[in-house]
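What follows is one structure encoded as structure tokens, with my remarks underneath.
Please treat every number below as a calculation from the coordinates, not as lab data. Predicted model, so just to flag it, every value in this text is computed and none were measured. Reconstructed Cβ throughout: ideal geometry from the backbone, glycine too, with neighbour counts over all protein chains shown.
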Amino acid sequence: MTLVEVMIASTLMVLVLAAILAANYIGLRENQLMASMGGASNTSRYAVNDLLNDIRMAKGYQIGNVSGTNFSGFTTITNAMLRGTALILYPILISTNESIDYTKYILYSFDLTYSNNNDSQLWRYVSTNQTSAVMASNLINTLYFTSENFYGTVQINQTYKSVIHTTLQFCEYQYPLTKVGSNYLFDSYYIDCRATPHLPDGP
């Protein structure tokens, strides 16, 4: 082989090798993106399932706002549109008179402390064992719970036929190994949640 033929053959081999490496890199990157989306969706699904299950089993509920970080400053909204950043659910009835046990509850609350950093959080607090946990993070936009009628209109007076509605809008991957864009953010997506509590005898 002449020198020119060797150079041409070497160049072609380098180009083929570069194309193979590029194809493998693109495939690996795509796999990381799919894993990130799957991880975020999986985490979100668990959080939403817990929320919806708690709403459906509730025998009573209130919508309001929480002041402070110890979940003790819950204020119920009355004589106004039933829209607030916190939702308190009462899952237990007192068996002697079938009334709601207000000492045992589950509280969901949106923490908007870091909303400027696109990192609002949804907390879940259980009064019986006084434990709290972050159910969802990286939440953006307006975050609140509403009590609606079957038309989707926010109610002023709570009734036993109410539908509890909230929207969780996420903006970042939950899978930390993949970074996308200058701010490492993924295109925002949201989960719209609606559920009706088990209130056979009214609120």
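Sort 20-28, 74-82, 53-61 by the packing proxy (mean of other Cβ within 10 Å over each peptide's residues), most packed first.
Details: 20-28: 10.0, 74-82: 13.7, 53-61: 19.0.
Those peptides, ordered most packed to least, come out 53-61, 74-82, 20-28.
Computed from backbone phi, the HN-Hα couplings of the stretch 123-131 come to 9, 10, 10, 10, 6, 5, 10, 6, 10 Hz, rounded to whole numbers (Karplus: 6.51 cos²θ - 1.76 cosθ + 1.60, θ = phi - 60°; Gly and Pro given as x).
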